Amino acid sequence: MLSCKQLVLRSSDFLDGQLTLRERFALRTHLVMCINCRRFIRQLRLTQRVVQQLPEVDISGLDALAERLARAAEKPEKRS
Ligand SMILES: [Zn+2]
């Protein structure tokens, strides 16, 4: 049987419909038995749906924000 880790690794392909029939079957079998992965997939699916419904997100703004946050994390609290 698939391990939880293997399932997580394949989860986005699963949701994108990129898996073979055999892989999909293995994944579904795991999901039937494993409540944690069921929750994980449900959450992931929800997130994916929300992202898809967002109107044109300004990615460049997000990149700048991520950069600022990364820089802030590198230099902790040095204000003069
Ligand atoms: Zn699992």
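Condition check ((1) at pLDDT below 85; (2) loosely packed, with under 10 Cβ neighbours inside 10 Å; (3) of a type in the set (S, T, N, Q); (4) farther than 17 Å from L7 by Cα) across all residues:
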site: C37; (1), (2), (3), (4): no, no, no, no
site: F40; (1), (2), (3), (4): no, no, no, no
site: I59; (1), (2), (3), (4): yes, yes, no, yes
site: A73; (1), (2), (3), (4): no, yes, no, yes
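If you go through segment 1-35 and keep only what is among the charged types (D, E, K, R), under 13 Å from the mean Cα position of the chain (by Cα) and loosely packed, with under 15 Cβ neighbours inside 10 Å, you end up with D13, D16.
Among the residues of segment 9-37, those that are within 24 Å of V51 (Cβ to Cβ) and either near the ligand (Cβ under 8 Å from one of its atoms) or outside any helix (DSSP H, G or I) (or both) comprise G17, Q18, L19, L31, N36, C37.
Taken together, the residues in segment 38-56 that are within 16 Å of the ligand (Cβ to nearest atom) and not aliphatic (A, V, I, L, M) amount to 6. Within segment 24-37, residues that are on the phi < 0 side of the Ramachandran plot reach partners that are among the β-branched types (V, I, T) and surrounded by 11 or more Cβ atoms within 10 Å (Cβ to Cβ) with beta carbons closer than 8 Å, at six or more positions or on different chains, in the pairs L31/I41; C37/V8.
The values are calculated or read from the model by the stated rules, or taken from the named source; none is laboratory data. None of the values given here were measured: they were computed from a predicted structure. Using ideal geometry, Cβ is built from the backbone for each residue, glycine included, and neighbour counts are taken over all protein chains shown.
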